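Right, one structure below, let's go through it.
The values are calculated or read from the model by the stated rules, or taken from the named source; none is laboratory data. This is a predicted model, so every value here is computed, not measured. Every residue, glycine as well, gets a Cβ built from its backbone with ideal geometry; the counts of neighbours run over all protein chains shown.
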Amino acid sequence: MFEKVVKSRVLQVDSQEKWNLITSKPEYLDSPIIVNFTANWCMPATAMEPLFEEQALIHKDAIFLSVDVDEVKGLMEKMKIKAMPTFIMMTPNKNQEREVMDKVVGANPNEIKKRIAAFINLVRTDPK
């Protein structure tokens, strides 16, 4: 009858400025960031969006971003994204530049879930 509407935890990045703002926002500095590089025309990337939303709901201590590579081309080049979907996991920014710790290329749901969980566990146990 009635479906529960859940607000998305995935932030949409549609410009380099928004990327810079989010990745350097003071309240996000201690949070790992997980990014889905996607494109509207890429069916495998589009198919992974519900999985990415689900992961954002599971891992509430991480920041989840979605970047359409056609909207933010410079970021695609800077992050060396060659195919969609590509998922990257970035360290919290503890007085240093964020570092890409892992990257998953392709629409492999089990691998994506496994790598996100492993990354989150690693970041939680890192004493830095």
Exercise. From (1) of a type in the set (S, T, N, Q); (2) within 11 Å of the chain's Cα centre (by Cα); (3) more than 15 Å from Lys113 (Cα to Cα), pick out the condition that doesn't hold for Thr86.
Key: (3)
Quiz item: Counting only residues that are of a type in the set (D, E, K, R) and either surrounded by 18 or more Cβ atoms within 10 Å (Cβ to Cβ) or out of contact with any helix residue (DSSP H, G or I) (no Cβ under 9 Å at 6 or more places or on another chain) (or both), which one in segment 46-63 is modelled with the lowest pLDDT?
Solution: Lys60
Quiz prompt | Every residue from segment 16-45 that is among the hydroxyl-bearing types (Ser, Thr, Tyr) and modelled with pLDDT of 95 or more | solution = Thr38
Quiz item: Asp61: closer than 30 Å to Thr125 by Cα and of a type in the set (Asp, Glu), yes or no?
Solution: yes
Quiz item: Just one of Val67, Val35 is among the β-branched types (Val, Ile, Thr), in contact (Cβ under 8 Å) with a residue 12 or more places away in the chain, surrounded by 13 or more Cβ atoms within 10 Å (Cβ to Cβ) and touching a helix residue (DSSP H, G or I) at 6+ places or on another chain (Cβ under 7 Å); which is it?
Solution: Val67
Exercise. Identify the single condition in (1) modelled with pLDDT under 95; (2) touching a strand residue (DSSP E or B) at 6+ places or on another chain (Cβ under 8 Å); (3) surrounded by fewer than 18 Cβ atoms within 10 Å (Cβ to Cβ); (4) not acidic (Asp, Glu) that Val105 does not satisfy, given that it satisfies every other one.
Key: (1)
Quiz prompt | Where Arg115 falls short, out of the listed (1) among the charged types (D, E, K, R); (2) touching a residue at least 24 places away in the same chain (Cβ under 8 Å); (3) under 20 Å from Trp19 (Cα atoms) | solution = (3)
